[in-house]
Amino acid sequence: MESYLLFLLIAMLTILSPGPGVLLTLSNAINYGTSGAIGGILGIAFGTFIVAGVSATSVGVVLATSALAFSIMKYIGAIYLVYLGIKLWNAPVANSTTNKSTKNIKIQFLEGITLQVTNPKAVFFFMSVFPQFINYSSDFITQFILLVISYSSLVLIIHFMYAYIAKKSKSWLSSSSGNKIVNRTGGSVFVFFGIGLASASK
């Protein structure tokens, strides 16, 4: 694929841009440390395979062509984002003696997957990007797998980078005032994304 590097650039810019996934990684890293963000990051990366798989099947076609199916997916995603926002807003303020290192990695993994697969925009991203970067006269499956693995690998790299940045800033972010600002700002952003998704048109 001659345009593979262009795909990597577009994917990297997409993943780098702030969104619910990045916010989830940052909040997990702040509250539980870099190791505590691993579950969510892996969940987001794995969710990419699910979204890509859906986009490549007839289910993806239905979502792209059916207004009802689009609306159902859209509102499920919106409700989940608002839920995460309210949950983060109401999270207890941490302090230097608060031990938050015990959150189950399985729960974070499921949160990451759910966050990724309930966002219909991700499905349409793959449906619109893949046709432009795949040569259908060649081996479709090999190209498809390569693009998905590349995208998921970038998710891992970039999100771990965000987690590392959060760790470096943890001294202030984990303070009572800093943590409260992070929780309230992050919660508001999640709700904002949820409302924006609910109001998005096809």
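The values are calculated or read from the model by the stated rules, or taken from the named source; none is laboratory data. Fair warning: this is a prediction, and the values are worked out from it, not measured in the lab. Using ideal geometry, Cβ is built from the backbone for each residue, glycine included, and neighbour counts are taken over all protein chains shown.
Listing for the model above:
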item: From the options A94, A29, A45, A52, residue that is modelled with pLDDT of 80 or more, surrounded by 19 or more Cβ atoms within 10 Å (Cβ to Cβ), in contact with a Ser or Thr (Cβ under 6 Å, 6 or more places away or on another chain) and hydrophobic (A, V, I, L, M, F, W, C); result: A45
item: Tally of residues being under 26 Å from F144 (Cα atoms) and either in contact with a strand residue (DSSP E or B) (Cβ under 8 Å, 6 or more places away or on another chain) or assigned to a helix (DSSP H, G or I) (or both) across region 1-52; result: 31
item: Residue, surrounded by the most Cβ atoms within 10 Å (Cβ to Cβ), within region 150-171, restricted to residues that are within 17 Å of the chain's Cα centre (by Cα) and β-branched (V, I, T); result: V155
